[in-house]
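To start, the structure under review is shown below, and the notes come after it.
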Protein chains: 2
Amino acid sequence: MIVYGTNSVHEALRGPRSVSQIWATKRVAQRDWLDRHRPLVSLATSEEVEALCHSAEHQGICAQVAPYRYVPATQLLSVTQPVIVALDQIQDPQNFGAICRTAECARVTGVVIPKRRSAEVTPAVCRASAGAVEHLAIAQVENLANFLAEAKESGCWCYGTAAGASARYDTVDYREEGVVVVFGSEGSGLRPRVAQSCDQLISLPLCGKIESLNVSASAAIVIYEILRQKT
Amino acid sequence: MIVYGTNSVHEALRGPRSVSQIWATKRVAQRDWLDRHRPLVSLATSEEVEALCHSAEHQGICAQVAPYRYVPATQLLSVTQPVIVALDQIQDPQNFGAICRTAECARVTGVVIPKRRSAEVTPAVCRASAGAVEHLAIAQVENLANFLAEAKESGCWCYGTAAGASARYDTVDYREEGVVVVFGSEGSGLRPRVAQSCDQLISLPLCGKIESLNVSASAAIVIYEILRQKT
């Protein structure tokens, strides 16, 4: 996989993935953080970098890295009182990446995504997450509703975010148990079976004329409310 | 100005701006919310819509609308205990639009941006805000530091968000007075004179390896913390 953009490459070098080669423009190749990795760096023109990574968003650098390593979902549930973010069919790489960045900053235990009909950790997601995916535990599951059932069995409380749910996100006490919070896609929200698998549905107040928050904004608000309560 | 995308056009029709013409593909033209505006709608191919709005992100619809009407900054300060979001040189239209969307959902009094070196309300910002800018009061000011001084004189407390500030955003009491909260650009943060014009600097906890939240995530978290306290 070829990741691109300053943060994507920088965080790949700092994270567990092996990086086999880096292409950078003359200017970008001078960055301090590349010093320890000189043998990997080849100079390239901006056009060559773009041809390698197939994106104009490369900021003058891209790198060949090992495939992304997902973790088993059971690993996330083996932690004491985990905080897990589950995404139900979020297909937009920008939103998926943005949520990963916030989740990493709040040091959640991990993020769970379904294997099908969901954005995977592509180079675009790496870029949108500012490289955060490198330091984040992400698990792919066959079936999100089944995962929620397992999470409940292992002692987690599962919250689904749903417009119009009567419980406000900030009236809930997240401190006692492990927490899974599920976000749906902006268009369609949570699928019925996923919503039914949650212990409680929560909503964010909407006081204006617009009908919904962006899902990455919703996720930031709820994730930091959980962090606020837990610390 | 030609705005594009479903939400941009829909919210322009619901908001105060006059809309003089709409171009939509056959499929999009069938939407219910266009029914009351039939005389304005011309059918167009996807390519024609793209040629009109100069963006591939048009979702099959664009519209000719009146120029965006900014409000005077004094109007925001004339409100009792306003909640004002000020942006210091945020140049990315995605971030500016995303912050406007969250601000509208939280029903803030308004958003203040400097006239120079800042994203204006362009069609890309309308799209990124999901049309929220149509219902939001946005003021352009010559000088952000001077605006903060005026806000303080009128009884507001001004908070600047700055990485590493000793006060956590959630330890502050936002309930007593009017509030201005300032966000800087992701690259460089608040300019020194802007930071000095704030009564207090606040920070968001960063618990992972990534060095910063996206500014639109930070804004969502702080804006909803203010809303949480005030309601």
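The values are calculated or read from the model by the stated rules, or taken from the named source; none is laboratory data. Remember, it's a predicted structure, so these values are computed and weren't measured experimentally. Note that we place each Cβ from the backbone using ideal geometry, even for glycine, and neighbour counts take in every protein chain shown. Areas reflect the complete protein model, heavy atoms only, side chains present, ligands, DNA and RNA absent. Shrake-Rupley method; radii C 1.70, N 1.55, O 1.52, S 1.80 Å.
Some notes on this structure:
- Contact-buried residues of region B:188-229, at a threshold of 40 Å² lost accessible area versus the chain by itself: B:C207, B:K209, B:I210, B:L213, B:I221, B:Y224, B:R228 (1.4 Å probe; DNA, RNA and ligands ignored).
- Solvent-accessible area of B:W157 with every protein chain in place, 1.4 Å probe, in Å² to the nearest 10: 90
- Placing a label point 7 Å from Cα along the Cα-to-Cβ axis, A:R117 is separated from the same position in the other copies by 4.8 nm, shortest listed first.
- Between A:V180, A:V215, A:V71, the GNM of chain A built on Cα springs shorter than 10 angstrom shows A:V71 fluctuating the most.
- Think of each Lys and Arg Cβ as +1 and each Asp and Glu Cβ as -1; about the Cα centre, that makes the dipole of the protein assembly as shown roughly 200 debye.
- Surface accessible to a 1.4 Å probe, B:K230 within the full protein complex, Å²: 70
- Within-14-Å neighbourhood charge of B:V83 [Cβ basis; K, R +1; D, E -1]: -1
- Neighbourhood charge, 14 Å Cβ-Cβ cut-off, centred on A:V19 and excluding it, Lys, Arg +1 and Asp, Glu -1: +3
- For region B:153-231 and region A:150-168, distance of Cα centres in Å: 29
- Top positive-direction residue, dipole computed over region A:128-174 with Cβ charges, set A:A149, A:Y169, A:A128: A:Y169
- Mean separation of Cα contacts under 8 Å, 6 or more apart, over the residue count of chain B: relative contact order %: 21
- Whether region A:73-219 is rounded, prolate or oblate, judged on the alpha carbon gyration tensor where a/c under 1.5 counts as rounded: rounded
- Sulfur and carbon atoms: percent of accessible area, the protein assembly as shown [1.4 Å]: 47
- Rounded to whole numbers, the Karplus 3J(HN,Hα) couplings from phi for region B:203-208 are 9, 9, x, 10, 9, x Hz, using 6.51 cos²θ - 1.76 cosθ + 1.60 with θ = phi - 60°, and x at Gly and Pro.
- Against chain B, whose longest principal axis comes from its Cα atoms, helix B:93-105 is set at around 80 degrees.
- Residue ranking by accessible heavy-atom surface, 1.4 Å probe, largest first, among B:H135, A:H54 comes out as A:H54, B:H135.
- Among the protein heavy atoms, those of B:T25 account for about 20 Å² of accessible surface (1.4 Å probe, every chain in place).
- Solvent-accessible surface ranking, highest first, for A:D199, A:D88, A:D170 at 1.4 angstrom: A:D199, A:D170, A:D88
- Inter-label distance, B:D199 to B:S154: 1.5 nm, where each label sits 7 Å from its Cα along the C-beta direction.
- Using θ = phi - 60° and Karplus 6.51 cos²θ - 1.76 cosθ + 1.60, couplings along region A:220-231 (whole Hz; Gly, Pro as x): 4, 5, 6, 4, 6, 5, 5, 4, 4, 6, 7, 10
- For the set B:K152/B:K209; A:K230/B:K152; A:K115/B:K209; A:K152/A:K230; A:K152/A:K209; B:K26/B:K115, the pairs lying more than 31 angstrom apart at their alpha carbons are B:K152/B:K209; A:K230/B:K152; A:K152/A:K209; B:K26/B:K115.
- The label point for B:K115 and the one for B:K26, both projected 7 Å from the Cα toward the Cβ, are 4.9 nm apart.
- Applying both filters, DSSP loop and at most 12 other Cβ atoms within 10 Å, to the trypsin sites (Lys or Arg not before Pro) of region A:1-47 gives A:K26, A:R27.
- Dipole magnitude of chain A, debye to nearest 20 (Cβ charges: Lys/Arg +1, Asp/Glu -1, about Cα centre): 320
- About the centre of its Cα atoms, region A:91-183 shows a dipole size close to 260 debye [charges on the beta carbon of Lys, Arg (+1) and Asp, Glu (-1) only; nearest 20 debye].
- Accessible surface, chain B, averaged per residue in Å² (probe 1.4 Å): 44
- For region B:95-194, DSSP calls about 10 percent of its internal beta bridges antiparallel.
- Protein accessible surface hidden between B and A, which excludes ligands and nucleic acids, total in Å², probe 1.4 Å: 2800
- Working from Cα pairs under 8 Å separated by at least six residues, relative contact order for region B:16-101 is 32 percent.
- Placed amide H near B:R168: partners under 5 Å, 5+ positions off or other chain: B:S203
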